[in-house]
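K.L.:
The structure that follows is given in the form of structure tokens.
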Amino acid sequence: MKLSFYPGCSLEGMAVDYARSIDAVFKALDIDLVEIDDWSCCGATAAHSLSEAMSVILPARNLSAAEQMGLDIVSPCANCFNRLRFSQQMIQKRVLDIPWPVTGDLKIHDMTRFLAEPPMIKKIEKRVLKPLKGLKLVCYYGCQMVRPPRITGYTDYENPQTLDRISAATGAQVIDWSYKATCCGASIGIARREIGDSLTKRLLDKARQAGAEAIVVSCPLCQSNLDMIQKGRLERPIPIFYFTELLRLSFSDRGNPKWFKTHFTNPVQLLKTKSLL
Amino acid sequence: MESYLKNPVGKVIVVGGGIGGIQCALDLADTGFYVYLIEKSHTLGGTMAQLDKTFPTNDCSTCMFSPKLVQVAGHANIEILTTSRILELNGDPGLFTAHIEKRARYINEEKCITCGKCAEKCPKKVPDPFNGELGMRKAAFLTFPQAVPLKYAIDAEHCLYLTKGKCGVCQKICPADAVEYDQKPERLEIDAGAVVISTGFGPALTAKEGEFGYGRYQNVVTSLQYERMLSATGPYEGHLKRPSDGKIPQNVAWIQCVMSRDPARNRPFCSSVCCMHAAKQAVLTRTHGPDTQTTIYFMDIRAHGKGFDDFVDRARSIHGVRYRRSMISQVYLNPENDNLIIETFDHHLNRKKEEEYDLVVLSSGFKPSDGFIDLSKQLGLVANPYGFLTTEFDEPVSTSRPGVFVCGGIESPKDIPETVIQAGAAAAEASILISEARHTETVVEETLEEKPIDAAPRVGVLVCHCGTNIAGVVDIQNVLEDVKRLPHVVFATDFIFTCSTETQQTIVDLIKKHRLNRVVVAACSPKTHEPLFQETLRDAGLNPYLFELASIRDQCSWVHGNNPEKATQKSKELIRASVARSIRLEPLYEKSYPVVNEGLVIGGGLAGMTAALTIADQGFHVHLVEKSDGLGGFAKNLKFTLEGHSPLRLIRYLIERVTHHPNISVYLNSTLVSHGGHLGAFNGTVEKKGERIDIQYGAVIVATGGRPYEPKEYLYGQDDRILTQVEFSKRLLDDPLWARQLKRIVMIQCVGSREPDFPYCSRVCCSAAVKNSLQLKEMNPGAQVVMLYRDVRTFGFKELYYFKARQKGVLFFRYIPEEKPLVYDDSGKLIVDFTDRSSHQDFCIEPDLVVLSEGIRPGEGAQQIARLLKLSTVDEGFFLEAHVKLRPVEFATSGVFLAGLAHSPRFIDESVTMAKSAGQQAMKVLCREKMTTSAAVAEVDAEKCAACLICVRVCPYGAPFINEKGVSEIPPSACMGCGICPSECPAKAIELKHSTDDQLLAKIDALLESAMKDD
Amino acid sequence: MNTLAEDQKSVNQPKPTKKRKLIGDRGDYFLNRIEGETGANVSACYQCERCTNACPVSHFMDIKPHQAVRYVQLGWREDLLKSSTIWVCLSCEMCTTYCPNEVGVAEVINHLRNIAAHSSITPKEKNLAVFHQTFLEVLRKSGRVNEFQLMNAYYLKPNILHEKIKSGSFKEELLLGLTLLRKGRLKPFTSRSKAIKDIQKAYIQARGEIV
């Protein structure tokens, strides 16, 4: 199986750990991810906020490149996924002129939904070497992957299941909670720290209340927000995993603590007590 | 509207066995037609059977409903087909042929003796759909204790034998050999002259939508589930518990408009009933547990019915129900205690507020009941985009197929009284269509002649086991031994089920064999079974009033189930008392008198004319009395409706028909000045310009109408830039040029409504304002329309027009009664000041025009008629019906009916519906040759009467009067046998037959006998 | 109109202290513009406040989401463009998702932000506007956004560093940055997309968009 891969800027920086684990997982699942030729930034929230035209045009360049390759796109980042889908819909509606040849006919998958399809789940289950028994998780989807449903195609936007299904396939204990898609504050913390912090802290509290030992995410920004705020705090730290990190861990009989060295909230201790490392 | 078919069939098919279908069936069967009542489930009852209590009186729903169920079950001219559905309907109005499929019940209805053994032993538990799947029932089951037919059934989807071929326990243990696993669906073919659809509605919310965590969090339930949770027959036996852990909820929240008023989910209409439903549930919750906090999240309170606002106000002020005008997007779970968290934004504190609730009730909107789409396709009926069979305003019960009529929740979401009214109207239409065939298909019961009886009492006592219901607790043999020793008891025995059909023949034989002249049955309850046994007595040639029922099930085995000994003792005492009374019973004879087959309608407006035509079109004469010089009433002034119809055209058509109808005599410039007589035989005098005309009539319909309130507020009458909605709408059409020049207008709602001196909501003004603003926007799209409202009450499908008005740019601002808008003249400029509650801004606006939405007041003649006919009115001056829920078009006084604005503010289609319904109720009297009076009536002893007038005053039915001899007289035909006057009469001059002092004292003495002994 | 009317007038006259907004003659120009440009159904709003209740940051907004919709209906452009609301909004789409009337509240707010960005009005939440602007500048320079460069560029914007130092958060953020560098999550150098020229051209083209 072969797909074009749109990593997005974060995977080159803040989310290197995500990028590495994606690599490992897709190799293990024998799915060929071909990075889109010379991809460029989707514009993220900034383009959307300041210039709606650019928020269509910027992702369109990548769609055009993928169309040249003739491969459906898979995107690991919630925000990129949202922007690509948005751009695709605008292209289909022919709202404005795009400087690149693009039809918008390719399928754009978010990585979680791609891996949560029943055949994929079966494949994952077969590949699991060491089930993550006893690890209590909540899955956190954030906003951009599920909302607005008209763009993301998620009909269960209040209670999405993709990460839950994948995490369950690793053998971990997945706990249902109400805050799966409650905003973490996105990039607002950079300019208005108190707003960002209040939202992120609340999510961590709610996760603790639900009895979670760790949170599973698929969005680089959510991961950084939830992870970095716990820096230097001692009360019950909650490691924040990319779902691919968990997959990678469950796919190998012996995980490597090095995989998690980029985390602020170090999960090694937790994983050791569960004899998963 | 006369039947255009030769020789129509005098039978009607009614589809749907809820309150609408039942009422319609009764209204047809009581007017001379044979009815097939078709119900897809295992029992009649529909949604109403699931309700716990009904507002505004908070009466028990079942207690109100079960007499209707018993009535319909025992009606000779109603054939009930449960587990059935129509597959095909061929033919034309007057002669339809329906193909009916009756699914297997797997328990033979004829044989089942309702002992309950099958359900008791059935090993398979199933979530109970009747209880919203909150509790469990067995695969062999009885839907609810008052089910009709009261017969068990097997759930084929879950039965172990039917699904896997194992088990078979119920067949083995059934004492009546009624279990038939090999039952096959039957196909029936029946003829009928007309069809009425009343398939009702169901909650629109399913777990699939996942709204507010329904289906995800256990403590989020729908309003219908909550109804079952409150109910004594529900899954928690009336103890308020929450599903997750059985904890008693201390804090309950309601979320309104779930799956209603939600265009995003393609449910843009309002479900009409949920606002009051929630108010009632909150009040009941507060009475269940006075410490329980109740909060209702809503956007507009739609309390548009008679007295509804008053109920909501009391819910707030007396019961302490918290109302929060704020809509919720999501419900969160607190995983630590299963509580639910609702987040709102607090404007005062400018912060988000998390509030925790033990239980969240979702006021789910309604959708057509399951399977209706198939039915409408099979019948070729055109439904609206949301699946409802909406109708036209001048034919409010007619579907797209001639001869097929509709009523109830399937027409549009509606409450019980509106359903009952519409059911009557549907019956009226069917009845008009096939009126030629009246009495051709009905069964007439023959009366047997009574045999002479011995002078000395010979009492027979029959003790019922009621399966294990009684025998499981009470020691029957012990009771029998005691009974046999009682004086005058010549025979006593016991039966497993005394009420079963076979037993009735046995009883007849026993009466004859032992020459019994008094029969006492010790069994369930006289409420449900007395009529059945009286019938059996009649069959044996014994006077039915020589019967007495001792309620040893309801009063002994059920309430003292944990103390068999005392239950047995109490049974003996109750039977002893019944025997004592039975000895003093005397045969009573019902009298009959001829009926005057003519009707009287008071009021020549829309409702009056429609009611008159409903009767006249069925071939009966009507006197129509109108006090003004022309027919048409207030509706003449209405140019167009919200939906774009012309009331004026309808009125002209009706006037044309009424004036030329051979069966209608119209009296213009006339008033009814005297009125006497009783049900079926009234007489009165009409005064027409000084001339007095005596008339006789069997029934009266009061349709005195309403009039618009004349505002005294907001400079009305002082400034010609202030108009009422009626004036505005008239001028819009009369003067289009003027309309095109308007730049800006302000509409003010609730003028003269929902005020301390007139608390009623006038129901129609919100829609009228929306209608007129849409009209203006159409003529002059640039005009700015600002509407100042308190709650927008465009209920039902009228909500679509509210949506349209917003889309067209009409601006809606809410005001509160404490801060009413100010209208004033500022040096020639008309200024309106107001505060918007949602943006918290004070506004100032300079309109060309201010339009006041004036309320509705009762018609001018209402008071005089109320006095003359001794009818009660409510504080606002509208007439008070006999029963708010189940008898909305009747007065407490028999033979007098109510229609139109005289009842309460209503829309045109609602008035038409009500008039048709009232006409049909009157037909129940008029179509009979003679009336029979009950024999259990009050009788005055002229010797003792002091003519003190107390009885005249206390009688709720206006029966007693002082006759020419100067003493009180109570016509048997007017007496309801309620017993109030005999107990009030200071001279003890009045005696209530069948409940005489003598009989009651004998009973009490017998009861006290043992108490005396104990001392 | 005689004495009676005069009496009535004095009773009905409002208290002069109240400051009142005038609903004026501007008509529906602004409303039509917003509806036309976003496809949002602003008129359909019935002020149920689902959006404001759903919004995670409504308490940081001076005009709450449901009020913003009302303001658009009334054509109060200035108030909206000067508000903090349009900058605080996280585009989390809760409001749009839960709106029963499909108003598209987030789209409207976003569009207002677009209009504000191209207007001469000073944004009420300047730092937020500056951050978005910086992001686009970095993007335009290299085709991809390197977080290290983004943060550097942002700190170098007028006043930002000053404010950070004043509020005392600078030291903490500096340490955080160093840690990130050490952990390899920030990279001082980045791969440049070859397509910068393409993107820059598109930028210039997009200036012609109707915002």
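K.L.:
Return the subset of C:K21/C:K64; C:K164/C:K194; B:K102/B:K151; B:K636/B:K870 for which the Cα-Cα distance in this structure is over 24 Å, preserving the input order.
P.N.:
Check vs 24 Å cut-off fails for C:K164/C:K194; B:K636/B:K870.
K.L.:
From the square roots a ≥ b ≥ c of the eigenvalues of the alpha-carbon gyration tensor of the stretch C:126-206, which class results: rounded (a/c under 1.5), prolate (a/b over b/c), or oblate?
P.N.:
oblate
K.L.:
Calculate for the protein assembly as shown the 222 nm mean residue ellipticity that helices alone would give, adding -39,500 (n - 2.57) per DSSP H run of length 4 or more and normalising by residue count, nearest 500 deg cm²/dmol.
P.N.:
Per the formula, -10500 deg cm²/dmol.
K.L.:
Along the charge dipole of the stretch B:81-132, Cβ charges K/R +1 and D/E -1, which of B:F96, B:N131, B:C118 sits furthest on the positive end?
P.N.:
So the residue we want is B:C118.
K.L.:
Per residue of A:179-186, how many C-beta atoms from partner chains lie within 10 Å of its own C-beta, taken as a mean?
P.N.:
Taking the mean over all residues of the peptide, I get 4.
K.L.:
I'd like the distance separating the alpha-carbon centroids of the stretch B:425-445 and the stretch B:830-869, in whole Å.
P.N.:
For the stretch B:425-445 versus the stretch B:830-869, the Cα centre distance is 45 Å.
K.L.:
Still on this structure: What are the residues whose amide H is under 5 Å from the amide H of B:F366, where those residues sit 5 or more places off or on another chain and H is modelled from the backbone?
P.N.:
B:A204
K.L.:
Place a +1 charge on the Cβ of each Lys and Arg in the protein assembly as shown and a -1 charge on the Cβ of each Asp and Glu, then give the dipole magnitude about the Cα centre in debye, rounded to the nearest 20.
P.N.:
Value, rounded to 20: 6320 debye.
K.L.:
Looking at the square roots a ≥ b ≥ c of the eigenvalues of the Cα gyration tensor of the stretch B:575-716, which shape do they give, rounded for a/c under 1.5, prolate if a/b is larger than b/c, or oblate?
P.N.:
Prolate is the answer for the stretch B:575-716, as a/c is 1.5 or above and a/b outweighs b/c.
K.L.:
Going by a ≥ b ≥ c, the root eigenvalues of the Cα gyration tensor, does the stretch A:129-273 fall in the rounded group (a/c under 1.5), the prolate group (a/b larger than b/c) or the oblate group?
P.N.:
oblate
K.L.:
Each residue of the stretch B:534-548 in order: what ³J(HN,Hα) in whole Hz does its phi give by Karplus 6.51 cos²θ - 1.76 cosθ + 1.60, θ = phi - 60°, with x for Gly and Pro?
P.N.:
In residue order, the calculated couplings are 4, 4, 4, 4, 4, 4, 8, x, 10, 5, x, 7, 9, 10, 9 Hz.
K.L.:
Related question: For peptide B:635-643, how many partner chain Cβ atoms fall within 10 Å of a residue's Cβ, on average?
P.N.:
For peptide B:635-643, the averaged partner shielding equals 0.
K.L.:
Could you list the trypsin sites (Lys or Arg not before Pro) in the stretch A:93-165 that lie in coil according to DSSP, counting only those with at most 14 other Cβ atoms within 10 Å of their Cβ?
P.N.:
Those satisfying the criteria are A:R94, A:K107, A:K133.
K.L.:
Expressed as a whole number of Å, what is the distance separating the alpha-carbon centroids of the stretch B:317-353 and the stretch B:736-802?
P.N.:
Here the two parts' Cα centres lie 32 Å apart.
K.L.:
Let me ask another. Name the long-range amide H neighbours of B:V751: under 5 Å, sequence gap of 5 or more, or other chain; modelled H, no Pro or chain starts.
P.N.:
B:S853, B:G855
K.L.:
When you take every Cα atom in the protein assembly as shown, what is the radius of gyration, and what is Dmax, the widest Cα pair distance, in Å?
P.N.:
38.0, 120
K.L.:
Show me the trypsin sites (Lys or Arg not before Pro) within the stretch B:963-1015 that DSSP assigns to loop and that have at most 16 other Cβ atoms within 10 Å of their Cβ.
P.N.:
Sites meeting the loop and neighbour criteria: B:K965, B:K988.
K.L.:
Can you list the lysines whose alpha carbon is less than 19 Å from that of B:K241, not counting same-chain residues fewer than 8 positions off?
P.N.:
Excluding near neighbours in sequence, the set is B:K53, B:K280.
K.L.:
Further question on the same structure: Positive end of the dipole of the stretch A:157-277, charges at C-beta (+1 Lys, Arg; -1 Asp, Glu), about the Cα centre: which of A:L204, A:A181, A:P239 has its Cα farthest in that direction?
P.N.:
Checking the options against the dipole of the stretch A:157-277, the answer is A:P239.
K.L.:
I'd like the Karplus ³J(HN,Hα) series for the stretch B:857-870: coefficients 6.51, -1.76, 1.60, θ = phi - 60°, whole numbers in Hz, and an x wherever there's a Gly or Pro.
P.N.:
10, x, x, 5, x, 4, 4, 4, 5, 4, 5, 5, 8, 6
K.L.:
Among the listed pairs A:K130/B:K164; B:K743/B:K798; B:K777/B:K885, which have their C-alpha atoms separated by more than 30 angstrom in this model?
P.N.:
Going by Cα-Cα distance, A:K130/B:K164; B:K777/B:K885 fall outside the 30 Å limit.
K.L.:
For an R0 of 25 angstrom, estimate the FRET efficiency from the Cβ-Cβ distance between B:M1012 and B:K527 and round to the nearest 0.05.
P.N.:
It comes out at approximately 0.25.
K.L.:
Please report, in debye to the nearest 20, how large the charge dipole of the stretch C:29-133 is about its Cα centre when each Lys and Arg carries +1 at its beta carbon and each Asp and Glu carries -1 there.
P.N.:
Approximately 220 debye in magnitude.
K.L.:
Alpha carbons only, please: Rg and Dmax for chain B, in angstrom.
P.N.:
30.5, 100
K.L.:
Too long at a 31 Å Cα-Cα cut-off: which of B:K353/C:K126; B:K125/B:K353; A:K123/A:K272; B:K40/B:K306; B:K591/B:K627; A:K231/C:K126?
P.N.:
Distance filter (> 31 Å) returns B:K125/B:K353; B:K40/B:K306; B:K591/B:K627.
K.L.:
Continuing with the same structure: Considering amide H positions built from the backbone, and no H for Pro or chain starts, which residues 5 or more places from C:I63, or on another chain, come under 5 Å of its amide H?
P.N.:
For C:I63, whose amide H was placed from the backbone, the distant partners under 5 Å are C:S84, C:T85.
K.L.:
Pick out, from B:S767, B:V420, B:I990, the residue whose Cα sits farthest towards the positive end of the charge dipole of the protein assembly as shown, with +1 on the Cβ of Lys and Arg and -1 on the Cβ of Asp and Glu.
P.N.:
Ranked along the dipole, the leading option is B:S767.
K.L.:
Could I ask something else about it? Which of the cysteines found in chain C have nothing to pair with, since no other Cys Cβ lies under 4.7 Å from theirs?
P.N.:
C:C45, C:C48, C:C55, C:C89, C:C99
K.L.:
Hey, got a sec? Which GluC sites (Glu not before Pro) in the stretch B:281-377 land in a DSSP loop and have at most 14 other Cβ atoms within 10 Å?
P.N.:
B:E336
K.L.:
Another question, then. In peptide B:315-327, how many Cβ atoms from other protein chains are near each Cβ within 10 Å, on average?
P.N.:
Partner-chain Cβ atoms within 10 Å, mean over residues of B:315-327: 2.
K.L.:
Charges at C-beta only: +1 for Lys and Arg, -1 for Asp and Glu. How large is the resulting dipole of the stretch A:2-112 about its Cα centre, in Debye rounded to 20?
P.N.:
With Lys and Arg at +1 and Asp and Glu at -1, about 320 debye.
K.L.:
A further question on this structure: Output ³J(HN,Hα) for the stretch B:554-570: one whole-Hz value per residue in order, computed from phi by the Karplus curve 6.51 cos²θ - 1.76 cosθ + 1.60 with θ = phi - 60°, and x for Gly and Pro.
P.N.:
With coefficients 6.51, -1.76 and 1.60, one gets 4, 9, 10, 5, 6, 8, 10, x, 8, 9, x, 5, 5, 4, 5, 4, 5 Hz.
K.L.:
Report, ordered by chain and residue number, the aspartates and glutamates lying within cross-link reach of C:K187, taken as a straight Cα distance under 17 Å and ignoring same-chain residues fewer than 8 apart.
P.N.:
A:E12, A:D17, C:E147, C:E173
K.L.:
Using a cut-off of 18 Å between alpha-carbon atoms, which lysines can reach B:K513, once sequence neighbours fewer than 8 places away in the same chain are excluded?
P.N.:
B:K451, B:K484
Coordinate-derived values only; no laboratory data. Remember, predicted model here, so these are calculated numbers, not experimental data. With ideal geometry, Cβ positions are generated from the backbone for all residues, glycine too; neighbour counts draw on all protein chains shown.
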